[in-house]
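Let me begin by handing over the structure; questions about it come next.
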Amino acid sequence: MVGAGQKGEGRQLTRVAIKRALVSVYDKTGLTELAGVLAAAGVEIVSTGSTAAAIAAAGVPVTGVEEVTGFPECLDGRVKTLHPGIHAGLLADPGQAAHQDQLDDLGIAPFELLVSSLYPFEETVASGAGPAECVEQIDIGGPAMVRAAAKNHARVAVVTDPSMYAEVAAAVAEGGFTLPQRRRLAAQAYARTARYDAAVASWFAAEYAPDEVARETGWPDVVSALWARREVLRYGENPHQGAALYVRPGAPPGLATAAQLHGKAMSYNNYVDAAAAWRTVFDFSSPCVAIIKHTNPCGIAVGADLAEAHRKAHDCDPISAYGGVIAANGVVTAAMAAQVANVFTEVLVAPGFEEAALELLTVKKNVRLLRCPPPGALLASTPPPRRGPADPDAGQEPAGRVVEWRQLDGGMLMQTADRFDAPGDDPATWQLKAGPEASSDVLADLAFAWRACRAAKSNAIVLASDGATIGMGTGQVNRVDSARIAVARSGERTKGAVAASDAYFPFADGLQVLADAGIRAIVEPGGSIRDGEVIKAAEGSGVSLYFTGARHFFH
């Protein structure tokens, strides 16, 4: 039965009354309640296997699919709904006389509603199940029905998740779904099957049937993903640019899905800076605070607690800290919050906030407070905690590796995420190339500076003392300029401090700038064709120079 719409809007407002529904779900959440609503409205329910059994057990009338097809389920349930009696009922348009005549000849009744949730393939893969079990959880009949119903959305509504059952109940009460509603449900259905197929294709290519290149390099020939819009932002990097936030359904929780507890809506730049701050603080197992502006740190520090870490990070560059984005790797205390409340701050992101801290911070109406689960368990030394991906919603792709995606004109770059897992990242493996062996305190500051340096954009020089950055030179086109900027920002604090360089010194001039300013020890990767000149300059200045053999560019 097709209800009449208002004149001029009839095609948009036309409702299709639900007289017959096909229900076949793996996820039984809310199933019996939905079946009760449908039955109470006089809807005939056709169902399969365990779904039909659950409905019948609830005392709701149900017709088994085998009664419709005249064919029993077979092959351990692999074949249930792949039959003209089902698919003709989903795909037919009774408004077309030829379709209705064929339905009458074949004795097939149409459906106006499909409720179907798919086998849990993604969850099975995530559980670490073996290939045979994963293959068995590849749904065939479910996606086929969902696509058929979505294609025929002019007549059929398709629902793919229990969260949509309230919409079904409302539609039943109102005489059916409108055409715009059915179109939206169809779009959601195709998104669901697209995500499902993407997961299967990626798993096959990476884990189950890699080609020769994938076997040799670990990079599969196909990587598929579906992104869902979470939020439309006011604008992008600049006011004339549009922007939106998208997330990957099923991806691990991250900054993109953080809970905002207070403040104005997040902007594009807020997310970019918060991502930079977030990946920085979880490089450290001690309480750590990072203050970021334009994705570069203006202060990083560790301390006995977060309040101390914040004081030290803020002291690195108090001018730049104004209007910055702050991240902490622990629960924000009232002591830290009292300090933050005295400085204009755009965003503060942390795994949690004490109630007293929230009371202090929420007085500031504009500061954005984000609660985000840590990216993973922290390890004190080896292997150190992973660096968060440049994309705040990047996940484990492929073959369980943490990867970063970056859009490129005409394509997408993909790389394994930079992590502190190279042999050269362990200070015990560093090679002393010049000067006296560093004391334990100086070596600890060198190790801190080496970790902090990776958070700064290349070319990067980081000066540190007592577990805190005191000066930084970042994002320059030559390393000697970075050294000069770092020294200028550090001022009198430079004398007796240490320095880290994210890549080797191509000439001795950069190191000489640091040595002349009073730096006592430097850590760098080494590997320049002029390493000999650099080592000679360090020797002549009495500077302890360590080579790591590892590089951490961050562009």
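How many of the residues in segment 168-181 are open to solvent by 10 Å² or more (accessible area, probe 1.4 Å), in a helix (DSSP H, G or I) and touching a residue at least 24 places away in the same chain (Cβ under 8 Å)?
7
So, one more: (1) of a type in the set (Asp, Glu); (2) farther than 19 Å from Tyr271 by Cα; (3) touching a residue at least 24 places away in the same chain (Cβ under 8 Å): which one isn't true of Glu308, the others all being true?
(3)
Same structure again: Just checking, how many residues over segment 190-241 are assigned to a strand (DSSP E or B) and over 22 Å from Asp161 (Cα atoms)?
From segment 190-241, those assigned to a strand (DSSP E or B) are 228-233; that's our starting set.
Subsequent filtering for residues that are over 22 Å from Asp161 (Cα atoms) retains 232-233.
Residues that pass the stated criteria total 2.
Whether any residue in segment 508-530 is of a type in the set (Ser, Thr, Tyr) and over 18 Å from Gly435 (Cα atoms) is what I want to check.
Yes, the conditions are met somewhere in segment 508-530.
Which of the residues belonging to segment 82-125 are touching a residue at least 60 places away in the same chain (Cβ under 8 Å), under 16 Å from Ala144 (Cβ atoms) and open to solvent by less than 60 Å² (accessible area, probe 1.4 Å)?
Ile86, His87, Gly89, Leu90, Ala92, Phe111, Leu114, Val115, Ser116, Ser117, Leu118, Phe121
Moving on to the next point. Please work out which residue is nearest to Ala205 (Cα to Cα), limiting yourself to segment 127-140 and to residues that are loosely packed, with under 13 Cβ neighbours inside 10 Å and within 24 Å of the chain's Cα centre (by Cα).
The extreme case among them is Gly128.
Quick one: count up the residues across segment 480-506 that are within 33 Å of the chain's Cα centre (by Cα) and either among the charged types (D, E, K, R) or at positive phi (or both).
1
What's the number of the only condition in (1) open to solvent by 20 Å² or more (accessible area, probe 1.4 Å); (2) at pLDDT below 90; (3) closer than 22 Å to Gly85 by Cα that His153 fails to meet?
(2)
Still on this structure, I have one more. Tally the residues that are among the hydroxyl-bearing types (Ser, Thr, Tyr) and either more than 36 Å from the chain's Cα centre (by Cα) or more than 23 Å from Pro143 (Cα to Cα) (or both), restricting the search to segment 24-47.
Within segment 24-47, residues that are among the hydroxyl-bearing types (Ser, Thr, Tyr) and either more than 36 Å from the chain's Cα centre (by Cα) or more than 23 Å from Pro143 (Cα to Cα) (or both) number 1.
When residues of segment 32-58 are filtered for being part of a helix (DSSP H, G or I), of a type outside the set (Asp, Glu), out of contact with any helix residue (DSSP H, G or I) (no Cβ under 6 Å at 6 or more places or on another chain) and touching a residue at least 40 places away in the same chain (Cβ under 8 Å), how many remain?
1
Taking the condition of being open to solvent by 70 Å² or more (accessible area, probe 1.4 Å), farther than 19 Å from Arg406 by Cα and in contact (Cβ under 8 Å) with a residue 40 or more places away in the chain, how many residues in segment 217-257 meet it?
2
Consider Pro506 carefully, then state whether it is closer than 30 Å to Ser320 by Cα and either among the β-branched types (Val, Ile, Thr) or out of contact with any Phe, Trp or Tyr (no Cβ under 6 Å at 6 or more places or on another chain) (or both). First the steps, then the outcome.
On the way: closer than 30 Å to Ser320 by Cα: yes; either among the β-branched types (Val, Ile, Thr) or out of contact with any Phe, Trp or Tyr (no Cβ under 6 Å at 6 or more places or on another chain) (or both): yes.
Here the answer is yes, as Pro506 does meet what is asked.
Here are Glu67, Glu73: which of them is over 24 Å from Gln181 (Cβ atoms), of a type in the set (Asp, Glu), within 41 Å of the chain's Cα centre (by Cα) and open to solvent by 10 Å² or more (accessible area, probe 1.4 Å)?
One residue alone meets the criteria, Glu73.
Same structure again: Taking into account only those residues within segment 258-281 that are among the polar types (S, T, N, Q) and part of a helix (DSSP H, G or I), which is surrounded by the most Cβ atoms within 10 Å (Cβ to Cβ)?
The extreme case among them is Thr280.
Can you confirm whether Glu216 is among the charged types (D, E, K, R), in contact with a strand residue (DSSP E or B) (Cβ under 6 Å, 6 or more places away or on another chain) and under 30 Å from Phe121 (Cα atoms)?
no
Quick one: in segment 424-435, which of the residues that are open to solvent by less than 60 Å² (accessible area, probe 1.4 Å) and within 15 Å of Leu545 (Cβ to Cβ) is nearest to the chain's Cα centre (by Cα)?
Restricting to residues being open to solvent by less than 60 Å² (accessible area, probe 1.4 Å) and within 15 Å of Leu545 (Cβ to Cβ), the top hit is Gly424.
The values are calculated or read from the model by the stated rules, or taken from the named source; none is laboratory data. Everything quoted here is computed from the prediction, not taken from an experiment. When we count neighbours, we look across all protein chains shown, and the Cβ atoms used for this are built from the backbone with ideal geometry, even at glycine. These accessible areas exclude ligands, DNA and RNA; they are computed on the full protein's heavy atoms, side chains included. Shrake-Rupley method; radii C 1.70, N 1.55, O 1.52, S 1.80 Å.
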